[in-house]
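What follows is calculated from the coordinates using simple rules that are stated; it is not laboratory data. These numbers were taken from a predicted model, which means no experiment stands behind them. Note that each Cβ is placed from the backbone with ideal geometry, even for glycine, and that neighbours are counted across all protein chains shown.
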């Protein structure tokens, strides 16, 4: 584990370009890092990645918490519903991509078929060929696969909340909202932190859905950092640049995780 990390860090300071072997392997210092930072294509990929993270956090957190609150209640077939919920999470990302490609297909996709059947549209929509739609659809597909895990984490947190707290709140005349706002939610902040970090990591390392659904297109509209890293390493064969990019991604995610941790700790103390 240590050797690959050290090796990738080392080659990030060298000009290691497989498609141009005549250039040799020369030490370039921080040139690769500067190339990443000043690369306009990388800037675009970063904005797309931040959008993915914003959707995953802004929609994923409340939706998964809502599902967890429902599944924490007792109702018939609750175990079956919980089992069905986990299905999207256990499906590999590449398989998820194939499923969504069939749904969003312009000619034979299920989504167009349903919309035409109900008279909502007259002509098939090219969902993944429109730059404005494609990124949002990939974010939606990613969220579909992530919500089950986020929900299970929240559900585990809810089941660890002592029932005595609810009874005490009722005795003191507290409302359900007050119980959730001042007791349950602060206790779930560690789970929220985990979900924040996981969704951020997923956004920065996303590859399979983009690879299967759009290949970074149309016109780079769905290019994210994870897929851009793949192209730099295995399409352009620029290993020095790719290693520098990988380390910058790792540092960025680590700094965001530290920020999340301090923010949730501050919120928990205030609550």
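With angles folded into 0 to 90 degrees, how steeply does helix 93-104 sit against the dominant principal axis of the chain? Use alpha carbons for both and round to 10.
Long axis of 93-104 versus the principal axis of the chain: about 80 degrees.
List 108, 154 from most exposed to least, where exposure is judged by having the fewest other Cβ atoms within 10 Å.
Fewest to most other Cβ atoms nearby, the residues stand as 108, 154.
For every helix of n ≥ 4 consecutive DSSP H residues, a contribution of -39,500 (n - 2.57) applies; sum these over the chain, divide by its total residues, and give [θ] at 222 nm rounded to the nearest 500 deg cm²/dmol.
So the helix-based figure for the chain works out to -21000 deg cm²/dmol.
What angle, in degrees between 0 and 90 and rounded to the nearest 10, separates the Cα long axis of helix 2-11 from the longest principal axis of the Cα atoms of the chain?
Long axis of 2-11 versus the principal axis of the chain: about 50 degrees.
Taking the Cα atoms only, what angle lies between the long axis of helix 189-205 and the longest principal axis of the chain, rounded to 10 degrees?
It is inclined by approximately 30 degrees.
Taking only Cα atoms and a 10 Å spring cutoff, compute GNM fluctuations for the chain and point out the largest among 196, 111, 153.
111
By per-residue mean of other Cβ atoms within 10 Å, what is the highest-first order of 55-68, 175-188?
55-68, 175-188
Using a Debye calculation, one point per C-alpha and no hydration shell, please list log10 I(q)/I(0) for the range 155-211 at q = 0.26 Å⁻¹ in order.
Normalising to I(0) and taking log10 leaves -1.01.
Counting each pair of different Cα atoms once, what's the Kirkwood radius of the chain in Å, rounded to one decimal?
Over the chain, the inverse of the mean reciprocal pair distance is 21.3 Å.
Going by average Cβ neighbours within 10 Å, how do the peptides 248-256, 3-11 rank, with the highest at the top?
Averaged packing, sorted descending, gives the order 248-256, 3-11.
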